[in-house]
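These notes are about the structure you will find just below.
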Amino acid sequence: MTMHATETDAIRKAVTVPLPVEKAFNLFTAGIDTWWPFEEHSIGGEQTESAIFDVDAKRVYERDADGSEHDWADIVAWEPPNRFLLNWRVNPARPDTELEVSFSAEGDATRVELEHRGWEKCGPEGRASYDTGWDTVLGKLVEAA
Amino acid sequence: MDALGDGTRRLILERLRGGPRAVGELAAELPVSRPAVSQHLRVLKEAGLVTERRNGTRRLYRVDTDGLAEVRDYLDSFWTDVLAAFEAAAEAEAERRTNDDARD
């Protein structure tokens with residue numbers, strides 16, 4: 001049987017890098033500023049000055065040269081140096097998708113696995129469930145009134 | 001039609017991740033003219049990647065995840081790029097570490 005990717009399947013990527021797990025995790029997160037391809041992949045483009053993994057505030061965002069900030073994600077789970085889970089904002093008008101990145105030792109190297117999932121929440125059906133959810137909440141308010 | 005085969009259209013989509021924007025705002029941030037931005041937005045709209053809404057006298061454009069398959073494909077190549085950049089940085093750091101060790 002041939003498998004076809006559907007629009008709601010998780011995106012999975014993996015890469016093995018020649019660093020110990022802790023170094024790889026720190027480079028990916030605290031050091032994101034030094035390697036993220038801002039020019040192609042940021043909201044501010046050439047204006048983007050830095051990206052920040054703010055563990056205390058549980059958010060990941062970019063900052064432009066003029067100081068304005070754009071949110072990328074909320075930090076949902078933070079388990080250094082093995083794993084983190086984010087709510088990744090694809091469409092500000094829809095529920096977020098989930099991005100999980102895990103780091104595991106492979107000898108002296110580290111395998112980094114990335115899974116971006118939850119597409120079903122972000123598409124038209126996701127919006128429908130949001131809409132219904134609000135109908136229910138508003139219905140209860142009306143009943144209570 | 002390959003709506004995202006064009007670099008400017010990919011940049012427009014990246015800008016819209018930050019929230020809805022008007023044509024003029026996009027044109028101010030990108031190295032292309034306003035008519036060119038409008039043209040690219042039309043292609044993105046036809047591909048189901050972007051949607052348009054009137055807000056008073058302004059027309060605002062936003063990412064449209066109703067065109068979910070296209071958006072998901074886009075993010076697929078997004079993560080490929082991002083991990084390639086991470087891999088290159090990790091290799092450079094590993095090389096620095098090796099050189100430092102050699103000097104010790």
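Only the coordinates and a few stated rules stand behind these numbers; no lab work does. Just so it is clear, the structure is predicted and the values come from calculations on it, not from any experiment. Neighbour counts are summed over all protein chains in view; Cβ atoms, including those assigned to glycine, are modelled from backbone coordinates with ideal geometry.
Just a few scattered comments:
- Taking B:81, B:66, A:56 and counting other C-beta atoms within 10 Å, the order from fewest to most: A:56, B:81, B:66
- In percent, rounded to a whole number, the relative contact order of chain B is 23, using alpha-carbon pairs under 8 Å and six or more apart.
- Cβ-derived FRET efficiency at R0 25 Å, residue A:65 paired with residue A:13, nearest 0.05: 0.25
- Whether region A:10-121 is rounded, prolate or oblate, judged on the alpha carbon gyration tensor where a/c under 1.5 counts as rounded: oblate
- Taking one quarter of the surface of the convex hull spanned by the alpha-carbon atoms of the protein assembly as shown gives a direction-averaged projected area of 19.1 nm².
- Using the Cβ-Cβ distance between residue A:34 and residue B:42 with R0 set to 45 Å, the FRET efficiency from 1/(1 + (r/R0)^6) comes to roughly 0.75.
- In this simple spin-label approximation, residue A:125 and residue B:80 carry label points 7 Å from Cα along the Cα→Cβ vector, and these lie 2.6 nm apart.
- Isotropic mean projected area of the C-alpha convex hull, region B:7-103 (nm²): 8.1 nm²
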